[in-house]
Structures are given as structure tokens and as C-alpha cells.
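Trainee: Below are the C-alpha cells for one structure; questions will follow.
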Amino acid sequence: MNTIKRIAALMTAAFTLSPAVRIPGSHAEDAETEYFFYEDTGYLAGDVNNNSVLDISDVVMYQNWLLGRSNEGYIYRADLVHDAVLDIYDLVKLRKMLAGSLPTEWIERGSEIPQGEYLPSVVAPFSSSTPSKGDVKMLCIYVDFADAKYLDTAYTNEQLEQELFGQGREQAPYESVTAWYERASYGNLHISGDVYRYTCSGNMADYSYGQYEYETMAKEVLAGLDGQIDFSDYDGDGDGYIDCISFTVPLDNASDDMKQYWYGCTGTWYKNPGFTVDGTKVGSYIIMDVMPNKSDMRYLKQTLIHEMGHSIGLPDYYKYDSSDYEGMHGEAGYERMDDSIGDFCSFSKLMYGWLREDEVQSYSGSGTQTFEISDASSVGSCLVLPITGEPGDYTSEYFLVEYITRTGNNADIYSYDEGVRVFHVQAELGYDGFKYNNFSDYYMGDEKIRVLRLVNDNNGFYHTGDSISYGTSNFAAYDSNGDQTINTGYTINIGEISGGKCSITVSR
């Protein structure tokens, strides 16, 4: 049964569920708060993996059940709208419960948390295809050639679908691409997808010449799969373009020339603008150079997550013209679009539109002001110090302050440290994206203006009692030559850090 038919069937299937009751919440600070359990067992509604906590793994498990990929879990616990039917509406409810930053152990039934409106995505007008919010169905195609095949150890399509969009063998944060992006986006972006294989008619070298010859391979593959795939299913936002598509080629035993040509990247469809399949165009595409072997799964997911970051609209933060390619150094400098490890930083999430108005605080006027920011590893929160723009202008030059911990998508990379980090941002826009991205005509070199720099680069996180002022590396505005020489007058003092929050005092 195909996915659409299965979901349609599920939406009409009735299940007999135990009576529900509201019980005073003994785990809440306020004893009057009530939480939703089922009367006969006392289990937590939505806890389909039975670990007594509502988290992203429940979303992934229930979503896989809806898509027919798995029969695992206590699925009957997902009846969150309490209509004795298990369907997509319960999945939406579960996502909203998690995205609302409610307590992770006990979720109050029907509670509504007052929150500000989401800020718009800055990069949406420049993204070639992939939306930053909502449901995105991805298409991953593993291509081989007449003279180049994958090893026998390569995962099957079904295994890859489970690794990418289900519950893979890895522990969090790399149990799946779906789970990683759910956490990164604070529940705003929901990735699902399918995996296909195709064998091209020619040899690998036949498709390995010229800047845009990736498209020659892609055209043959898409046309060849047209009878198996309705490509319009992968245009979730209805803009006429496939939301997200990747092509992987076998490189285990390839020559050095082939490995150099088929490198991991994200390209814009250019050479064949009129090409369509099922009335759907290709805006951008991902080339993957990591093999689908068991030993490569973590690296494969890390790379795909980074390339999807491009497909959604962000540039690389690393350097293109230096032997030291890292854009930001040290543990405080880990960022998905720089090192391809760690979470997106708050600047990236701000550009994607994953933060609410009340989650982005701004210094305004003059004098001394104190702010409290939360752990951005789990909830949206940051502080902006304007340089050239006004408060609320996030496409200008400013400093951005965030507090992160060794949790969420950052859980596996920080060996010992966590705390506050500050970025120097220059997010002015040009006609096709950020004015100072690495491919821009305005880019003056790695040591001049860049979209994102780390303040106090390579010196770790800031902690309680630390102070940042003019003279700290990257804590100055750009001058007309692209050098950081201008004293902005800001001083930042790091206050108490406790309970997932940090106090920041700013004077100017």
C-alpha cells in the first residue's frame, strides 16, 4: 500500500481506547495543575516509546507508524485529540506539544502557552527549493553506473530510509536526519523521505566532466524513475519545485579523479531550466560523496544535514581561500555550516525563521541593560546588539549572544565545556543572498568581511564573571576597507548561569 493510501486508511480506522481522566499533577510546582493520563494504566499520553518522557523519538516513532515503515511502539498512546482515531491530527498535536517548550516529563492536556509570532525566514526568497518550515518530503537517490557499483555491504533502500527518516542505529543526535532537524528547528521543520536506486546507462567517467554535468546524470536518473515516482509528491509547498533531492554515487573503489569530481556539494539547477518531471522542476540538488555503508552512517548523516542547510538557504561559514579553512575555531566555534558538526547557531535559526519575536531580545538606546537568555540547545533564545541597523533589523551588522549546553544536537561534540558565545554578524543582503557570502562579488577575502565570525575566536566559551569589550578579537565593527577597527562602545558582562538560563548585562 502506498503512503497516501495508508494514511487515508489510518485516518478512518477506529481503535477502542481506555477511558481518559484528568489527574492532579503531583509533579508540577502548582498542585492544581492537571495532566492527562489513561485511567487504567496511568501512562503518559503521547509516550509511544514508553520511556516516561515526551521527546522527538515519540514523534519519529509515531510518524514511521503512520507511513507504514514500522509497527513498533505503544501507538495507541498517540490519541492526543481524544477521538478514538489514530491519524495525522495526533501527530500535529504531538509536534505542537513539543514545540511549545512544555515540561518534558508531564504535558498538560489542552494547555496553550502564550507566545509571540514567528519571525519570517530571511533566506526563503533565496532558497532554490527547500522550505525552512512545515513538512518536507525528501528524495534520496543512490546512483550507480555500468562500470561502478556499490559494495555488497551497502545498506538497502529500506535500511537507509530507517536511518535517515526513522529510528536508526545511532544514538541521538544522529538517530536520523528527521530527528536532528526536529530538534534544530524547535519543531518547525518536519523531514520525511524516500530512498530509490538507479543504474545509469554509461560509465561513471561519462558524467564526470564540466561544471554543470551533474545535471546530465540527474536528468537521466529522474527521467528513468518517472514511471516509479510521482515527483509532484515531493513538492510539499506547491511552488513547482522538488523540495529536496540528493544524488549519491559509488566512490568506495573510485579513482582519485572521480573522488575529486564527485564531492559533497549543493548545486543550483542551471543548464536545463526547462526540464520537468510530473510538471515539477529541480531548483537545487545535493551531491553526496559519503557511502551508504554501516560504518559510514554517522558521517553520511552529518554531511547530508550540512548540505540540506544549503538547500534551505544558508551559505558555508568556513573559509574558501585559506589553508586554514575553519571559519570559527575551538569548541565555541562548532557550527553546522562551518565544521558540519554541532547544531545550527542562533543566527542560522534566526535566518531560517525558527525563532519567535519574544525569543530574540535586542539592546536599544544606551546605558546599562540586563537580559536573561535561555539555553538555545533546547529553546529559541538569543540577544542582538545592533551595530549598523535598528533593533529588529536582522539583515544588518550586529553582535549576537547565545548560551548553549552539551545537550540536544550539541550533545556529542563538546568534551567538557559549555556556556556563552558571541558572534559578529554581517547579514546585509544582495540580489541573490547574503552580500558577503563566499561566492559574492563583494567578498574581499577570508580576512575581510564575512557573514559570521566568532568573537574571541579559538578561546572557548564565556562563563560567569567574564567581560567582553573593544580589543577582544572580532568584537569591533567593519570599516570601509573591510577590517574590524571601529569601536562600537559595547561592553558585555556574563552574569549568573543556572537552571538553563544566563544573565547578560550590556552597557554602551
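Trainee: Quick one: 443, 470, 416, 363, fewest Cβ neighbours within 10 Å first, how do they rank?
Mentor: Details: 443 19, 470 13, 416 7, 363 23.
Final ranking by Cβ density, sparse to dense: 416, 470, 443, 363.
Trainee: Which of the chymotrypsin sites (Phe, Trp or Tyr not before Pro) found in the range 168-239 are in a DSSP loop and have at most 15 neighbouring Cβ atoms, other than their own, within 10 Å? Walk me through the numbers on the way to the answer.
Mentor: Details: sites: 174, 180, 181, 186, 196, 198, 207, 209, 212, 214, 231, 234; in loops: 174, 186, 209, 212.
Answer by residue number: 209, 212.
Trainee: Could you name the lysines in cross-link range of residue 301, using Cα to Cα under 17 Å and dropping any fewer than eight places away on the same chain?
Mentor: List returned: 137.
Trainee: Using the Cα centre of the range 124-312 as origin and beta-carbon charges of +1 (Lys, Arg) and -1 (Asp, Glu), tell me which of 148, 192, 180 is placed farthest towards the positive end of the dipole.
Mentor: 180
Trainee: Then there's this: Can you check how the C-alpha radius of gyration of the range 408-508 compares to 2.2 N^0.38 Å, as a plain ratio?
Mentor: Expressed relative to 2.2 N^0.38 Å, the Cα Rg reads 1.24.
Trainee: Take the Cα coordinates of the range 124-312, assign each an equal point scatterer, and use the Debye formula without solvent to give log10 I(q)/I(0) at q = 0.12 Å⁻¹.
Mentor: The calculated log intensity ratios at q = 0.12 Å⁻¹ are -0.54.
Trainee: What size of dipole, in debye to the nearest 20, comes out for the range 348-461 about its Cα centre when the only charges are +1 on Lys and Arg C-beta atoms and -1 on Asp and Glu C-beta atoms?
Mentor: Values: 8 positive and 18 negative charges, 25 e Å.
In debye, rounded to 20, the range 348-461 gives about 120.
Trainee: For the pairs 271/448; 149/259; 219/281; 294/319, flag any whose C-alpha to C-alpha distance is greater than 21 Å. Numbers along the way, then the final one.
Mentor: On the way: 271/448 32 Å; 149/259 14 Å; 219/281 11 Å; 294/319 31 Å.
As for pairs spanning more than 21 Å Cα to Cα, those are 271/448; 294/319.
Trainee: Would you tally the net charge around residue 213, using a Cβ to Cβ cut-off of less than 15 Å, leaving residue 213 out, and scoring K and R as +1, D and E as -1?
Mentor: Values: positive: 219, 271; negative: 206, 215, 220, 257.
Combined, the nearby Lys, Arg, Asp and Glu give -2.
Trainee: Follow-up question, since we're still on this one. Between residue 275 and residue 53, what is the label-point separation in nm under the 7 Å Cα-to-beta-carbon projection?
Mentor: Placing both labels 7 Å along Cα→Cβ, they lie 4.5 nm apart.
Trainee: Suppose every Lys and Arg Cβ carries +1 and every Asp and Glu Cβ carries -1, with no other charges. What dipole size does the range 131-225 come out with about its Cα centre, to the nearest 20 debye?
Mentor: So the dipole magnitude of the range 131-225 works out to roughly 280 debye.
Trainee: Determine, for each peptide in 425-435, 380-390, 457-467, the mean count of other beta carbons within 10 angstrom over its residues, then list the peptides with the highest first.
Mentor: Details: 425-435: 17.5, 380-390: 20.0, 457-467: 15.1.
Most protected by this proxy first, the peptides run 380-390, 425-435, 457-467.
Trainee: Shifting gears a bit: In nm, what is the difference between 0.36 nm times the number of residues separating residue 417 and residue 298 and their Cα-Cα distance? Can you show the working numbers first?
Mentor: Details: separation 119, 0.36 × 119 = 42.84 nm, distance 2.27 nm.
Once the chain is fully extended between residue 417 and residue 298, it gains 40.6 nm.
Trainee: To make sure I understand, if each residue's beta carbon is the centre and we count other beta carbons within 10 Å, what order do 175, 117 fall in, fewest to most?
Mentor: Numbers: 175 19, 117 8.
Ascending number of Cβ neighbours within 10 Å: 117, 175.
Trainee: What FRET efficiency comes out for residue 441 versus residue 393 if R0 is 30 angstrom and r is the Cβ-Cβ distance? Round to the nearest 0.05. List each step's numbers first, then the result.
Mentor: On the way: r = 23 Å, r/R0 = 0.77.
Computed FRET efficiency for residue 441 and residue 393 comes out at 0.80.
Any read-out appearing in this document is the output of simple, stated calculations on the displayed coordinates, not a laboratory observation. Values in this document were obtained by computation on a predicted structure and should not be read as measured data. Please note: Cβ atoms are built from the backbone with ideal geometry, for glycine as well, and neighbour counts cover all protein chains shown.
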